[in-house]
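Just below is one structure, and these are the notes that go with it.
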Amino acid sequence: MALPLIKLGLAAAAGYFLYSSYVRSRAAGSTTNASDAVDDIDLPANPTVEEKLDAGVQETFPASDPVSISQPSETAYEAAQRRKPSN
């Protein structure tokens, strides 16, 4: 009776050992350092549209946000501040 339980215990221990070594060998998370991609963005004084687009692509890496090089629209607060009389 004890021999089958010992065999079952050894098989379970071997399975656990193999599974845990497999899990440890896999890289957890992304191996990309996103701050490296964002830190090196340099634009000249008067950048062309192509240079702005390239910088926009670098800023969004590694996210999947779409690139937009147009000016953002005015918020409601900014519009109210613009209409407000400057006394």
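Quick notes on this structure:
- Per-residue HN-Hα couplings for segment 7-20 [Karplus 6.51, -1.76, 1.60; θ = phi - 60°; Hz; x = Gly/Pro]: 4, 5, x, 5, 5, 5, 5, 5, x, 5, 4, 5, 5, 5
- Counting 0.36 nm for each residue step from residue 42 to residue 18 and taking away their Cα separation leaves a gain of 3.8 nm.
- A crude spin-label estimate for the pair residue 86 and residue 70, with each label 7 Å from Cα along the Cβ direction, gives 2.8 nm.
Quick note: the coordinates plus some simple rules give every number you see, no bench work behind them. Keep in mind the model is a prediction, meaning the values are calculated, not measured. Cβ: placed from backbone, ideal geometry, glycine included. Neighbour counts: every protein chain shown.
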